[in-house]
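The values are calculated or read from the model by the stated rules, or taken from the named source; none is laboratory data. Nothing here was measured: the structure is a model prediction, and the numbers come from that model. Here the Cβ positions follow ideal geometry from the backbone for every residue, glycine too, while neighbour counts run over all protein chains shown.
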Amino acid sequence: MYSKKLHISKIFSNLERPTFKLYNLIMCNLYTKFVNFLEICKNFSKDLVSDAGNIRRPGPVPRFSDLEVIALGMAAEAEGIDSENWLFEAKLNECRASIPNLISRRQFNDRRKCVCGLLEQIRSRMAKEMDGGEDYFCIDSKPIEVCRVARGKRCKMGRTGAFEKAPDFGYCASQGTYFYGYKLHALCGLSGVIHSYDLSKASVHDINYIKDIKHVYHDCSIFGDKGYIGAEVQLDLFETANIRLECPYRLNQKNWKPTFVPFAKARKRVETLFSQLTDQFLVIRNYAIDTCGLFARIIGKVSALTALQYINHINNKPIGRIKYALI
């Protein structure tokens, strides 16, 4: 027994330690993503910001530009960093010297909320360049839980501001559970690029989001699940915007017929996106204390996902392999 332990210790003692270059690459992974995201933001925001990378507004020009705030937020989301305190106290200490004029955590939190509109414009341009001529889309929703159901009545999020933005109780039919928070609605193409998304209260039905689609999209087909079944909605979409809504039949419906297999496979694409947002971007783990902070983080997570897909797109790689986009 003693000889086996000695033999194992010799094996581990002979292993080579990682070189300095490899160690430096691992430690500076956040900075590498920050540089890549900043370059992408500059390419898609030439007519949206000034030469210094800031939104045109009166007052002093900040040294740490708005595009750098956006790039740092997307880099943190791509790394799976769900705490701004951990981001500034631990992660940024490794590359603080490489990022000049770095602002404080409080300033970053405030400015991150102010540049959400600019970030969404940049994300929309990336999605349009990757998948601009798409005629087939998939739609689905995902619960975004703010807190447990037992603590929902004591939650203070949205109580001081506008009531229409406050979270609410809802039910997720696919998981068979009640939750307190919001719903993330997303519309993506068959290639996996999110074209449109929105947040609503948990008590709002999915059909209410698809009613707004007709004001933006037309002459296309949308694949949804059983939550979007409605003859009146399907007829209204077809007559007003020539949108064909395809939904699977329920077993107790009249004229039941099995689901067309290609439609069922195509709709799984949006479910894969929700899984990536959950696993890599931790969309269901949030520590925001107000609705504006939660919305800003959701926009940052979806934008970081789109940016990684765009990196794969320009490098002729599969769009869905976002974990290996920067390797």
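Checking I122, I139 one by one, the residue that is crowded, with 17+ Cβ neighbours inside 10 Å, β-branched (V, I, T) and assigned to a helix (DSSP H, G or I) is I122 and no other. The number of residues in the range 297-318 being farther than 22 Å from I144 by Cβ and either in contact with a His (Cβ under 6 Å, 6 or more places away or on another chain) or of a type in the set (S, T, Y) (or both) comes to 1. In the range 310-321, is there at least one residue being surrounded by 15 or more Cβ atoms within 10 Å (Cβ to Cβ), at pLDDT below 90 and in the same structural domain as V146 (by TED's automatic domain parsing)? For the range 310-321, residues surrounded by 15 or more Cβ atoms within 10 Å (Cβ to Cβ), at pLDDT below 90 and in the same structural domain as V146 (by TED's automatic domain parsing): absent. Under the condition of being part of a helix (DSSP H, G or I), closer than 19 Å to V35 by Cα, touching a residue at least 12 places away in the same chain (Cβ under 8 Å) and over 20 Å from the mean Cα position of the chain (by Cα), the residues counted in the range 73-110 number 3.
Please state which of the following conditions C95 fails to meet, knowing it meets all the rest: (1) among the hydrophobic types (A, V, I, L, M, F, W, C); (2) at pLDDT 85 or above; (3) in contact with a helix residue (DSSP H, G or I) (Cβ under 7 Å, 6 or more places away or on another chain). All conditions are met except number (2).
All of E129, E164 fail the test of being within 21 Å of the chain's Cα centre (by Cα) and assigned to a helix (DSSP H, G or I), apart from E129. Take the conditions (1) modelled with pLDDT under 90; (2) closer than 30 Å to N316 by Cα; I122 misses just one of them, which is (1).
Would you be able to say whether some residue in the range 86-105 is within 30 Å of C188 (Cα to Cα), of a type in the set (A, V, I, L, M, F, W, C) and surrounded by 13 or more Cβ atoms within 10 Å (Cβ to Cβ)? The answer is no, given that none of the residues of the range 86-105 is within 30 Å of C188 (Cα to Cα), of a type in the set (A, V, I, L, M, F, W, C) and surrounded by 13 or more Cβ atoms within 10 Å (Cβ to Cβ).
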